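The values are calculated or read from the model by the stated rules, or taken from the named source; none is laboratory data. Keep in mind the model is a prediction, meaning the values are calculated, not measured. Cβ placement follows ideal geometry from the backbone for every residue including glycine, while neighbour counts extend to all protein chains displayed. Protein only, heavy atoms only, side chains kept; ligands, DNA and RNA dropped before computing areas. Shrake-Rupley method; radii C 1.70, N 1.55, O 1.52, S 1.80 Å.
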Amino acid sequence: MESCIKNTGNNVGVEGKGHVLVTGGAGYIGTTLVPMLLSAGYEVTVFDKFLWGIKPLLFISSHPKLHIVKGDICQPEELKPVMKGKIGIIHLAAIVGYPACDKNPHKAMETNVNGTRNITQLMNSDQKLIYASTGSCYGAVDGMCTENTPISPISLYGSSKAGGEKVVLDAGGVALRLATVFGIAPRLRLDLLVNDLTHKALKNKSFDLYEGHFRRTFLHVKDAARAFLFALENYKVMKGEAYNVGDEKMNYTKAQVAQIIQSKVPTCKISTNTTGTDKDKRDYEVSYEKIRNLGFQSTISVEEGVIDILKILPMIQEEELKNCKNV
Ligand SMILES: NC(=O)c1ccc[n+]([C@@H]2O[C@H](COP(=O)([O-])OP(=O)(O)OC[C@H]3O[C@@H](n4cnc5c(N)ncnc54)[C@H](O)[C@@H]3O)[C@@H](O)[C@H]2O)c1
């Protein structure tokens, strides 16, 4: 039933749009998305294992339309009650990144594939399902990847996320194949390429650049979050398909990213005389035409993201850093 949010600060006058479940809502993308959904007039339940704690959600926790539930997507009996009565499920919960997946392969498959299957088995046909897929599904590809390019993941992370994506698409949901995300968020991640190299540039005044020719593709965390809102509101036309989410302007080689960072931290030395190799072998370029044709475009550049990160890095205390990496 439609409801109207009253007296909720900056949400005064925003029409209620229904109740959405966000799995993994306490993570990097989730803590950016949840306030956006609330501002747009949705009631939100975050369902999360809180691997990185509750602190990143505290700033919004007193919002009257936000509910917070601790639970595990691998436990259907914990999922079942929170899925009831929701108009949509935005499924972010996962073991994220190749190092975290390689550290515990069983848990990665259990969470990223079976946990996703639990959601599709419990949902009803009226509920919208939007899944955080990844460009990591593509692996190393010559030429431009479109949504029709056969996926060939080269890491356990990529294959587990591709497994989850198949389950979602078979159930008629939407899969957003996000580029590598960057920028600041309430739950900060400093293990993602742009954020990681910016951190090293400032802290160590240098970083090693392995395999600088590898092509990667990037997306600001606020644009990633906007894409989920976009899919929720354009679900009818997007249903049952995968969409790349990013911007061709941010298809960069790793060396180009390093140069952008060096231009903002001129004292930083980039060492390319290294014999090291990048364990993350992804090398791909992506077309974002399909979602752009529906009206979605990203808005924030890598340069802007780097400037933001540089603004806050000096204030981060050493003990906070352990929660900024997924391993
Ligand atoms: N960050 C990126 O660059 C990027 C790129 C492409 C796709 N994605 C996808 O976006 C989603 C969110 O990524 P993120 O960067 O916010 O990661 P994150 O690690 O910050 O967030 C993941 C959240 O999921 C929760 N979680 C993990 N296992 C759970 C379980 N079994 N039950 C309930 N909650 C659980 C964690 O506690 C955490 O809060 C993931 O599905 C990821 O694969 C991220």
Within the range 51-68, work out how many residues are within 13 Å of the ligand (Cβ to nearest atom) and open to solvent by less than 50 Å² (accessible area, probe 1.4 Å). 3
Total residues in the range 100-113, condition surrounded by fewer than 23 Cβ atoms within 10 Å (Cβ to Cβ) and either over 13 Å from Lys166 (Cα atoms) or over 19 Å from the mean Cα position of the chain (by Cα) (or both): 9
Being in contact with a strand residue (DSSP E or B) (Cβ under 6 Å, 6 or more places away or on another chain) and part of a helix (DSSP H, G or I), is that true of even one residue in the range 94-110? no
List the pairs whose first member sits in the range 126-154 and is in contact (Cβ under 8 Å) with a residue 60 or more places away in the chain, whose second member is acidic (Asp, Glu) and buried (at least 22 other Cβ atoms within 10 Å of the Cβ), and whose Cβ atoms are under 6 Å apart, counting only residues at least 6 apart or on separate chains? Ser133/Glu165
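Each row is one residue, and each column tells you yes or no for (1) touching a Leu at 6+ places or on another chain (Cβ under 9 Å); (2) among the small types (Gly, Ala, Ser); (3) open to solvent by 70 Å² or more (accessible area, probe 1.4 Å); (4) under 19 Å from His199 (Cα atoms).
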position	(1), (2), (3), (4)
Ala227	yes, yes, no, no
Ala231	yes, yes, no, no
Asn244	yes, no, no, no
Gln259	no, no, yes, yes
Gln262	no, no, no, yes
Val265	yes, no, no, yes
Ile270	yes, no, no, yes
Tyr284	no, no, no, no
Lys290	no, no, no, no
Can you work out which of the residues in the range 129-148 that are outside any strand (DSSP E or B), open to solvent by less than 20 Å² (accessible area, probe 1.4 Å) and hydroxyl-bearing (Ser, Thr, Tyr) is farthest from the ligand (Cβ to nearest atom)? Tyr138
Test Leu188 against the stated conditions and say whether it is modelled with pLDDT of 95 or more and either in contact with a Cys (Cβ under 6 Å, 6 or more places away or on another chain) or within 16 Å of the ligand (Cβ to nearest atom) (or both). yes
Members of the range 137-171 found to be within 24 Å of Glu248 (Cα to Cα) and of a type in the set (A, V, I, L, M, F, W, C), listed by number: Cys137, Ala140, Val141, Met144, Cys145, Ile151, Ile154, Ala162
Is it fair to say Asp126 is in contact with a Gly (Cβ under 7 Å, 6 or more places away or on another chain), open to solvent by 50 Å² or more (accessible area, probe 1.4 Å) and part of a loop (DSSP other than H, G, I, E, B)? no
Is one or more of the residues making up the range 200-212 buried (at least 22 other Cβ atoms within 10 Å of the Cβ) and within 19 Å of the chain's Cα centre (by Cα)? no
Does at least one position in the range 179-194 carry a residue that is part of a strand (DSSP E or B) and either farther than 28 Å from Glu289 by Cβ or over 13 Å from the mean Cα position of the chain (by Cα) (or both)? no
